[in-house]
Amino acid sequence: MDEEDSSYRWETEYERTWETIQEDDSGSLKAVGGDGEEGRRRRHKAKERIRLGMMRHLFLVIDLSSAMEEKDLRPSRLSCTLKVVENFILEFFDQNPISQLGVIVTRSSKAEKVTDLGGNPRQHVSKLKEMASCRGEPSLQNAMEMAMQSLKHVPSHASREILIVMGSLTTCDPGDILVTCESLTAHQIQCSIIGLAAEVHLCKKICENTKGQYSVILDESHYKELLMQHVTPPPAMASAEASLIRMGFPHHHSTASPSYSMGQLDSNDATLGTVGYFCPQVDVMLVHDFL
């Protein structure tokens, strides 16, 4: 057995930097061979300048089947995914402040909506951690159908995206998943998949038909790199409608009748107030003035 075949997975995390340089005739050191991870990043940044979409509506689908209990990622696929996904969600809203994201999990041949489309990253992360238990088989079709029911109503000037983190090599679906794939294409919904195990022909076909990206990770660092590539907005479609969006800055004033602020509706300690910042479009209190 060759030495490379008998090596452990953790050994691949350490680059043999001394093998990528050699001494030339003048005694200077120069790089040889591939340029590794840094080269991939440079090539990614050097892409042609294109027009990107500003408003994004993305559903993040997480596989919570029994395959996510495998230990090929430390300490397990599930633990590693929760950590990487949390960083992705925070970075997504940092780079796309006016976009919305929702989370769906698939297990036991079903799909469950963890959070609907929204702009609160803390809520997405906390809700996902509460449902982080693995069982059964995933269902790609049920997950894509659930995401499509929300995304097909999104205005045409915003992007419609599905990003799936798939740990299993199989999917248990109630019908023909290719029919669902055709529906995604008809509604201009882009579906991308990141595989944690090996390449699956069905996943590759779905991404090709919906103009998404299909990738399979090599290790944890490559996992992070692939996921963070989806932080950058996709190119805006040429057929996308250009429409003006009414925007306004909140005004500070008081009202005679007390009311709750919109920012406290999901809180258990919501209080009434008469002074705060009001939306100029719908005249609703956004934030209380506690001073």
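Observations
- Between K211 and V231, the distance separating the two model label sites (each 7 Å from Cα on the Cα→Cβ line) works out to 2.5 nm.
- Tensor-based shape of the range 86-211 (alpha-carbon gyration tensor, a/c under 1.5 rounded, otherwise prolate or oblate): oblate
- Per residue accessible area of the range 91-179, 1.4 Å probe, in Å²: 43 Å²
- Length gained when the stretch H157-M54 is fully extended (0.36 nm per residue, less Cα-Cα span): 36.2 nm
- With every protein chain in place, the range 140-189: carbon and sulfur % of accessible area (1.4 Å): 56 percent
- Length gained on full extension, K113 to S221: 36.1 nm, using 0.36 nm per residue less the C-alpha separation.
- In this structure, the amide hydrogen of I164, modeled 1.01 Å from its nitrogen in the peptide plane, lies closer than 5 angstrom to those of V61, S192, I193, I194, counting only residues at least 5 positions away or on a different chain.
- The alpha carbon gyration tensor of the range 64-144 gives principal lengths a ≥ b ≥ c with a/c of 1.5 or higher and a/b no greater than b/c, which makes the shape oblate.
- Using a Förster distance of 41 Å, the FRET efficiency for L272-S133 (Cβ separation, nearest 0.05): 0.60
The values are calculated or read from the model by the stated rules, or taken from the named source; none is laboratory data. Predicted model, so just to flag it, every value in this text is computed and none were measured. Every residue, glycine as well, gets a Cβ built from its backbone with ideal geometry; the counts of neighbours run over all protein chains shown. For accessibility, only protein heavy atoms count, side chains too; no ligands or nucleic acids. Shrake-Rupley method; radii C 1.70, N 1.55, O 1.52, S 1.80 Å.
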